[in-house]
Amino acid sequence: MNLVYFYIITVIGGVIASLAYYLVRKKRDPIMATVLEHLTRYYLDERFFSIDKVSEQLQIPKEVVEKAIVKLEKSGIVMRTKRGHALVDPLVFLTPRDYERALRLTKGDNIIYGAYQLPYITDLKYLSVQTFLLLGSFALLIATVFNIGGINATVQSWARGVDPRIFALFVTAICILLVDVIDNLEKIFIRGKYSVIVGVHSGLLYDISMADELSGRISRGSIVKIDIDINWRQKLKNIFGEVPIGDVKIWMRNRKEPIVLRSLPYPRELFMILRSLQLGSLEWRKRYARELALWRGRVYPFIHTYRGRRRR
Amino acid sequence: MSEEVEELKFELREHLEDAYRPPVSAQALFFILAEIALFSAIYYLKIQMPEALVIYLLGTALVYPVTIKVRNFFSELLASFIYGSFMAGFTYYLIYTMIRNPEVKNPALWMLVMFVLVFGIELYHHINEKARTLRTRPIILIDLILSVLFGFSMFMLFWAWNVSTIWSIIMAFLGAILYAYAILPEKPY
């Protein structure tokens, strides 16, 4: 094998992929990005805003801001109400079908949080199945590369004469596919059984069984105490994984044991939302200005051991 | 939901995610430590070129998206470069070292094609979160084309093994569906 060709091809591959990324990436409208940045920074808390005010704060002509906000409104990011414009809550992770169901079951309530519990995502049994498939196929690959215990003769007979290393690569590919399929099937199951929504008036609603219609209900007034619990597996997932998750515990009146919502996405935001419902006021950002400032400053606000510690 | 909504919501969630992630300096530190460990392992095990470079690039492609959570133009450009260079080098390496008889009737060729199709797209999904989660038209179109290619490769594999045409078609069809189902973008929550 000519190593020079190999190096050249490797570099060319990288350059082509980088060029492809550069060419196909979405060109952001700078005005739209500025407006969106401003709205998420200052109006994420259900406060209303006017086009005039945003125009004044950003020092951008009113017509330009209006155009951007109309575009955001059409996209469903911003909502126009009688009191002005408001940013639609970004903490709704439901599928469109489940979001519609949530709206139907809450009689058109303002849904401020919607997600699925992900109890299997850090479950050791579930992870071990995936690990077994991946590590098993990888072990077969290593065994064929080094012909451990003369395995190549056996593998070659299974593979009708194909090079055992290639057959092992093929098995690895199939195992990777199976892991992905299992993951997708698990998500279907989760979406059928573990919906959780929070409505401004209807409180917290959750599914308690398969094909349930959000029959688990915690009304605004019955919440006594809320807590977040992030175990070490969830913590690792939050640092290195895709979606931040954590358990949220809710104590209700006349009930000793808390209701535990397991591995919910963005648990701190759900905590803040539930706290606001518990207090009966969605203007929680004013009451918790300090915590929110810390949150905005990239500090974990609601874990006591971290409170006050600067992270950036 | 329109593509624009998906894109914009993605950006909103990126802002929210920041509070859960380690600081950028810590992310960079984790990445550098992982790279040093990878390089040391390759050096200690005395792995020769070109295998050493293939393993190094594969390790980097696996570690980079896990440690670096910052999403901006440069971080995504670097991710694309790592992915492209690994896939190009690895495919060249596989073809050069493993296929001695590159004819259509060779099942090894089709097994390798299927491996590259699976590994290539899964690694791409690993390195590019948007491709893994957003169902935009171009992404769905690319996934469908790849699924057809996968099905065709599976048909050719069974055909090379002299399996009857009907069974080859059935297996190829099932394989293509499985592949399409696995690679179609799916929300992680």
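Worth a mention:
- Taken together, the residues in the stretch A:100-115 that are out of contact with any strand residue (DSSP E or B) (no Cβ under 6 Å at 6 or more places or on another chain) and either assigned to a helix (DSSP H, G or I) or buried (at least 17 other Cβ atoms within 10 Å of the Cβ) (or both) amount to 6.
- Residues being modelled with pLDDT under 90 and either assigned to a loop (DSSP other than H, G, I, E, B) or within 24 Å of A:Gly246 (Cβ to Cβ) (or both) - total across the stretch B:28-48: 4
- Residue match in the stretch A:212-221 (condition: at pLDDT below 85 and within 14 Å of another protein chain (Cβ to nearest Cβ)): no
- If the condition is being on the phi > 0 side of the Ramachandran plot and either over 22 Å from the mean Cα position of the chain (by Cα) or outside any loop (DSSP other than H, G, I, E, B) (or both), then the stretch A:249-282 contributes A:Asn254, A:Ser263, A:Gly280.
- Checked against the criterion of being crowded, with 17+ Cβ neighbours inside 10 Å and farther than 17 Å from A:Tyr126 by Cβ, the candidates A:Val162, A:Val179, A:Val145 yield just one match: A:Val162.
- Evaluation of A:Leu205 against (1) surrounded by 19 or more Cβ atoms within 10 Å (Cβ to Cβ); (2) of a type outside the set (Ser, Thr, Tyr); (3) within 10 Å of another protein chain (Cβ to nearest Cβ) (one fails), failing number: (3)
- Test: residue in the stretch A:162-180 that is in a loop (DSSP other than H, G, I, E, B) and facing another protein chain (nearest Cβ under 9 Å): yes
- Here the condition is being under 20 Å from A:Pro265 (Cβ atoms), more than 14 Å from chain B (Cβ to nearest Cβ) and in contact (Cβ under 8 Å) with a residue 60 or more places away in the chain; of A:Tyr126, A:Tyr194, it holds for A:Tyr126 alone.
- Qualifying residue in the stretch B:143-159 (condition: more than 27 Å from A:Glu186 (Cα to Cα), aliphatic (A, V, I, L, M) and either touching a His at 6+ places or on another chain (Cβ under 9 Å) or buried (at least 19 other Cβ atoms within 10 Å of the Cβ) (or both)): yes
- Some residue of the stretch B:65-79 being among the hydroxyl-bearing types (Ser, Thr, Tyr), without any contact (Cβ under 8 Å) to a residue 24 or more places away in the chain and either in contact with a strand residue (DSSP E or B) (Cβ under 8 Å, 6 or more places away or on another chain) or within 9 Å of chain A (Cβ to nearest Cβ) (or both): no
- Residues located in the stretch A:29-61, provided they are loosely packed, with under 13 Cβ neighbours inside 10 Å and either part of a helix (DSSP H, G or I) or modelled with pLDDT under 75 (or both): A:Pro30, A:Arg41, A:Asp52, A:Glu56, A:Gln57
The values are calculated or read from the model by the stated rules, or taken from the named source; none is laboratory data. Source: prediction; values computed, not measured. Glycine gets a Cβ as well: all are built from the backbone with ideal geometry, and neighbour counts include every protein chain shown.
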